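Written below as structure tokens is the structure these notes are about.
Please treat every number below as a calculation from the coordinates, not as lab data. Quantities reported herein were computed from a predicted structural model and do not represent experimental measurements. Here the Cβ positions follow ideal geometry from the backbone for every residue, glycine too, while neighbour counts run over all protein chains shown.
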Amino acid sequence: MRKFLIAAALMLWAGMAAAQHSHGSTKGPNGGAVQDVVGVHAELVLAGNAVTINILDENNKPVSAKGFTGSVLIVAGGNRETVQLAPSGDTALKGESKAAIPTGAQVTLVLKNAAGKSGQVKF
């Protein structure tokens, strides 16, 4: 019985720890979905054919995007498009797709920080 209780407590603790870093449903300060990547939070904001990635700290406050580069792969139905992102202001990267991005499109971000570390997340 004791082993069962210890195992149950460990599983509960592990589940709570994993939930603390799950940002799939978290909204950022600009209304976009937030994901952890390369040591920052990336907020995806889509508007028409514009793609904006806001670079945020652990508290979802803007941080400098200086030295960051990236691209997004947008998949909607049978259509796929890669959009290169360029600096936009001090805290964001921005790009434009050829056509308006439909609701429900799958977006995969590849982001590289100023130190050269790269990572990938799906929205």
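Annotations
- A Cβ-based charge dipole, computed about the Cα centre of segment 25-122 with Lys and Arg at +1 and Asp and Glu at -1, lands at about 160 debye.
- Loop-located trypsin sites (Lys or Arg not before Pro) in segment 22-87 (DSSP state not H, G, I, E or B) with no more than 14 neighbouring Cβ atoms inside 10 Å: K66.
- Note on A100 and S118: their simple-model spin labels are 3.3 nm apart, each label 7 Å out from Cα toward Cβ.
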